[in-house]
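Here the structure is laid out as structure tokens; the discussion comes afterwards.
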Amino acid sequence: MEFMGKLVGDLGAMASIGPMIIGEKLGLYKAMAGAGPMTAAELARKTNTYERYIREWLCAQAASGYVDYDSATEKFSMNDEQAAAFGSEDSPFYFLGALDFAVAMMRDEPKILDAFRTGNGVGWHEHDACLFRGTERFFRPAYTRHLIGEWIPALDGVKAKLETGGIVADVGCGHGVSTILMAQAFPKSRFFGFDYHPASIERARAAAAAAGVEDRTTFETASAKDYPGKDYDMVAFFDCLHDMGDPAGAARHVHETLADGGTWMVVEPYANDKVQDNLNPIGRVYYSASSFICTPASKAQEVGLALGAQAGEARLSKVIREGGFTKVRRAAETPFNMVFEARRG
Ligand SMILES: C[S@@+](CC[C@H](N)C(=O)[O-])C[C@H]1O[C@@H](n2cnc3c(N)ncnc32)[C@H](O)[C@@H]1O
């Protein structure tokens, strides 16, 4: 019965995906955040929606613990934690970007089913566009919380270099979230974003223009093994080394393109080295996403090493060292990420 109880909880999470998507699209969460207790009729009026549906939606949210319910007044409200997770895309704890991952995984299931049978890969670019949007929206809050204030200062001498003016390559940059945050924080430095996926590069360019950092950012379509340029002070890989087919080949190219004394920052999903130590809620998220996204992405490229999203420090360090780096250390970590520093020379 305990196991069935767990499964009912999981079923509730699965059944919540659709209502949560609607809540975001209709601005229901936004309308509740900071607004105090309200009835279904009040929320419906505020969001120009139909009251009976909103009442059912609110009850589902309350049963999930995503909003609070006061039976005395029959009103629903959002506390500070709920508002931080659901209320605004600018919140450093915004959670709803994760929904795009769930949608992409379901839409791509037929392709992945086939890959499980054939052993073939499914390239990052072959996924539903929800995945690219979801990566941007879900990763941005964590990067906003940690990148400038914690991860870069944890790297030896990098913050000082970027403050006075350094040259940085952000490889596998996707929609350029990390590139733009760094460009905003270090206006004297120059940032080059590379990704093999042309549509992501287009989106990164538009996002940089909207953020007002066009003057110090350049985005180009290129792979991790052949991106142009030399003598970078820092090369950064955010959550992409394990997605690559030939991460050791990429490591060699990073080593060739760094300046002497330059730093390679590798941000990877948090993972322990042994499977049994990853059998927890975070490992559950990563192993599931990895079986649908990261492992097929790597299998679609040359070598197809398929590190997976739970590669762990020992395997990642080995790949980094294969590129010619002799000094590798874990510089920082959060419950979701590990940050490695590898120095050239
Ligand atoms: C999980 S996403 C991370 C995107 C971005 N770094 C971020 O953190 O928001 C992985 C990215 O790696 C890119 N990628 C995968 N293989 C690549 C390769 N061999 N060369 C360059 N980019 C690659 C994908 O196109 C995708 O944008």
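Here are the numbers:
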| item | result |
| --- | --- |
| Identity of the residue in the range 177-187, within 11 Å of the ligand (Cβ to nearest atom) and of a type in the set (A, V, I, L, M), that ends up nearest to Phe238 (Cα to Cα) | Val177 |
| Unique match (being within 17 Å of Trp264 (Cα to Cα) and within 18 Å of the chain's Cα centre (by Cα)) among Gly193, Gly166, Gly157, Gly174 | Gly193 |
| Looking only at the range 202-238, and only at residues there that are small (Gly, Ala, Ser) and closer than 23 Å to Val158 by Cβ, the one that is surrounded by the most Cβ atoms within 10 Å (Cβ to Cβ) | Ala236 |
| Cβ-Cβ under 8 Å pairs, at least 6 apart or on other chains, the range 58-81 side free of Cβ contacts under 8 Å to residues at least 40 places away in the same chain, far side in a loop (DSSP other than H, G, I, E, B) and surrounded by 14 or more Cβ atoms within 10 Å (Cβ to Cβ) | Leu58/Val67; Val67/Met78; Asp68/Met78; Asp70/Pro37; Thr73/Pro37; Glu74/Thr39; Lys75/Pro37; Lys75/Thr39 |
| Checking Gly123 against (1) away from the ligand (no atom under 12 Å from the Cβ); (2) in contact with a helix residue (DSSP H, G or I) (Cβ under 9 Å, 6 or more places away or on another chain), the condition it does not meet | (1) |
| Meets criteria (within 30 Å of Ser288 (Cα to Cα), of a type in the set (S, T, N, Q), at pLDDT 95 or above and out of contact with any Pro (no Cβ under 7 Å at 6 or more places or on another chain)) for Ser64 | yes |
| Set Ala44, Ala31, Ala102, Ala83: member being in a helix (DSSP H, G or I), within 20 Å of the chain's Cα centre (by Cα) and surrounded by 12 or more Cβ atoms within 10 Å (Cβ to Cβ) | Ala102 |
| Options Gly174, Gly134: the member that is more than 9 Å from the ligand (Cβ to nearest atom) and touching a helix residue (DSSP H, G or I) at 6+ places or on another chain (Cβ under 6 Å) | Gly134 |
| Per-region count, the range 285-304, residues in contact with a Gly (Cβ under 7 Å, 6 or more places away or on another chain) and within 11 Å of the ligand (Cβ to nearest atom) | 8 |
| Only one of Val267, Val275 that is modelled with pLDDT of 95 or more and more than 9 Å from the ligand (Cβ to nearest atom) | Val275 |
| Residues (free of Cβ contacts under 8 Å to residues at least 60 places away in the same chain and either in a loop (DSSP other than H, G, I, E, B) or within 11 Å of the ligand (Cβ to nearest atom) (or both)) located in the range 161-171 | Gly165 |
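The values are calculated or read from the model by the stated rules, or taken from the named source; none is laboratory data. Source: prediction; values computed, not measured. All Cβ positions, even for glycine, are placed from backbone atoms using ideal geometry, and neighbour counts span all protein chains on display.
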